[in-house]
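I have placed the structure first, in the form of structure tokens, so that the comments after it can refer back to it.
Coordinate-derived values only; no laboratory data. Quick caveat: nothing in here was measured; it's all calculated off a predicted structure. Here the Cβ positions follow ideal geometry from the backbone for every residue, glycine too, while neighbour counts run over all protein chains shown.
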Amino acid sequence: MLILGIESSCDETGVALFDASGEGRLLCHALHTQIPLHQAYGGVVPELASRDHIRRVVPLFRKVLRDSGRAVSEIDAIAYTQGPGLAGALLVGASFAEGLALALGVPLVPVHHLEGHLLSPLLSRHKPAFPFAALLVSGGHTQLMRVEGVGRYTLLGETLDDAAGEAFDKTAKLLGLPYPGGAALSKLAEEGRPGSVRFPRPMLHSDDLNFSFSGLKTAAMLKIRDLPQAEEITRADLARGFQDAIVDVLVDKSARALKSCGLERLVVAGGVGANRELRRRLDRIASDCGFTVFYPELEYCTDNGAMIALAGALRFREGLSIVPPGGGFAVKPRWPLESAGSRDVSAVFPDRM
Ligand code: KG4
Ligand code: ZN
């Protein structure tokens, strides 16, 4: 049972082949990142992104077949990222998936991009069992979810403004680091002195599991403006202070989410999940509080086709959202994750429905 996965929601084209028989196994994945293409503009240019996806998707598909030694006729279903993301970019992956599905006479499995992220630790040998809480921290989203199983997601909290990755990227830009600055800022922060620059911890004590990060960017802007006068403070100190503030809030709210749901497993997914300080702090609190944290392998933290192939395989196995060949395709640039499941979770969380 071979599932092809296609990711094209933003600035990475990813294609993967997943063998869904038995335990399930990723056979091969290939990725092309557009980061150098967008760097000159300081952010993703949607039209350039769509055009580049068009150029990359077929060669990556051929590479995956070649590297895995499988024939196109062996593919049993095609999973693609249906949303959320850039409409034009999503359309490239979706229309390629639809065309191929029609040619092969196999079904399509539309996948929610964040579902791919939150299931991505299942690609590791050290897999979490359901149920678990998931901290999704990417460039576009910051959410805490309760995950009962495939397609059974309940939102516990989310950012009210900027996503954590977005805050990292905007502050990195203010510090003169190239796009997308999250990883570069965190590298710079490693050289900074803890406590030398103090940022606020937005919503740390709020009575919910929501976040707010847009104020941090403004705080960073003001501190950077004063940097030339404050000789004893370096850019690295500033990066350190900024990162510590974000990490403090993410760690605290994740621990509270686990406690309030009575869960013992936390999955951390999305690009910011690659952040070393976040991992260090979560591992420390996990051993103090007696829960376990699961991370995807670093190569599956940022966008990739493997997580979409995996999510597609799990949905296919459970008979969730399978579209017959020729059944048409659609993209959903804005799409809440809770509505991507097809199970009723109202019995589990009546107060949230
Ligand atoms: O999940 P992802 O690849 O794409 C989205 O779906 O958004 O996440 C990309 C985000 C970017 O904002 C990037 O700066 C951030 O993840 N990121 C990091 C790190 N590596 C990537 N942020 C903080 N620390 C990192 N090490
Ligand atoms: Zn993503």
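Compute the longest continuous run of the chain that contains no exposed trypsin sites (Lys or Arg not before Pro); treat a site as exposed when its DSSP state is not H, G, I, E or B and it has at most 12 other Cβ atoms within 10 Å. Could the numbers behind the result be given before it?
On the way: sites that count: 125, 198, 334.
Answer - 199-333.
Enumerate the amide H contacts of residue 156 below 5 Å, restricted to partners 5 or more residues apart or on another chain; note that Pro and chain-start residues carry no placed amide H.
Under 5 Å from the amide H of residue 156: 144, 145, 146.
What is the distance in Å between the Cα centroid of segment 278-305 and that of segment 22-38?
One Cα centre to the other: 20 Å.
Just rank 179, 153, 41, fewest to most, by other beta-carbon atoms within 10 angstrom.
Details: 179 19, 153 26, 41 10.
Result, fewest neighbours first: 41, 179, 153.
Which lysines, if any, have their Cα less than 28 Å from the Cα of residue 173, not counting same-chain residues under 8 positions apart?
The reachable lysines, counting only those whose Cα sits under 28 Å from residue 173, are 187, 217, 223, 253.
Mind checking which aspartates and glutamates have their C-alpha under 14 Å from residue 63, skipping anything on the same chain fewer than 8 residues away?
Answer for residue 63, where 14 Å is the Cα cut-off: none of the aspartates and glutamates qualify.
Taking R0 as 22 Å, what FRET efficiency do you get between residue 299 and residue 76 from their Cβ-Cβ distance, rounded to the nearest 0.05?
According to the calculation, E is roughly 0.30.
Explain nothing, just compute: Karplus ³J(HN,Hα) = 6.51 cos²θ - 1.76 cosθ + 1.60, θ = phi - 60°, for every residue of segment 18-24 in order, whole Hz, x for Gly and Pro.
So the J values, rounded to whole Hz, are 10, 8, 8, 6, x, 5, x.
If I fit a long axis through the Cα atoms of helix 214-226 and take the longest principal axis of the Cα atoms of the chain, what angle between them do I get, 0 to 90°, rounded to 10?
Once rounded, one gets 50 degrees.
Run the Debye formula on the Cα coordinates of the chain, all scatterers equal and no solvent, and tell me log10 I(q)/I(0) at q = 0.06, 0.13, 0.14 1/Å.
Cα-only, vacuum Debye calculation for the chain: -0.22, -0.99, -1.13.
Pull out a ≥ b ≥ c, the square roots of the eigenvalues of the alpha-carbon gyration tensor of segment 1-141, then state rounded if a/c is under 1.5, prolate if not and a/b is larger than b/c, and oblate in the remaining case.
oblate
Would you mind checking the radius of gyration and Dmax of segment 287-344 based on alpha-carbon positions, in Å?
15.6, 53
Between segment 59-105 and segment 118-192, what is the C-alpha centre distance in whole Å?
Between the Cα centre of segment 59-105 and that of segment 118-192, the gap is 26 Å.
Quick one: divide the alpha-carbon radius of gyration of segment 130-295 by 2.2 N^0.38 Å and tell me what you get.
Expressed relative to 2.2 N^0.38 Å, the Cα Rg reads 1.03.
In what order do 115, 23 fall by count of nearby beta-carbon atoms within 10 Å, going from fewest to most?
Ranked by crowding around the Cβ, least crowded first: 23, 115.
Given the Cα-Cα distance of residue 287 and residue 248 and 0.36 nm per residue of separation, how much length would full extension add, in nm?
12.4 nm
If you restrict to DSSP beta bridges whose two residues both lie in the chain, what percentage is antiparallel, to the nearest 5?
60 percent
Pairing the Cα long axis of helix 87-104 with the longest principal axis of the chain, what angle in degrees results, from 0 to 90 and rounded to the nearest 10?
On a 0 to 90 degree scale, this one is about 20.
Along the Cα→Cβ direction, 7 angstrom out, place labels at residue 102 and residue 161. What is the inter-label distance in nm?
4.6 nm
Could you grab the relative contact order for segment 162-258? Cα pairs under 8 Å, six or more apart, rounded to a whole percent.
So the answer I get is 37 percent.
As an exercise, use a Förster radius of 25 Å and the Cβ-Cβ distance of residue 214 and residue 322 to find the FRET efficiency, rounded to the nearest 0.05.
0.05
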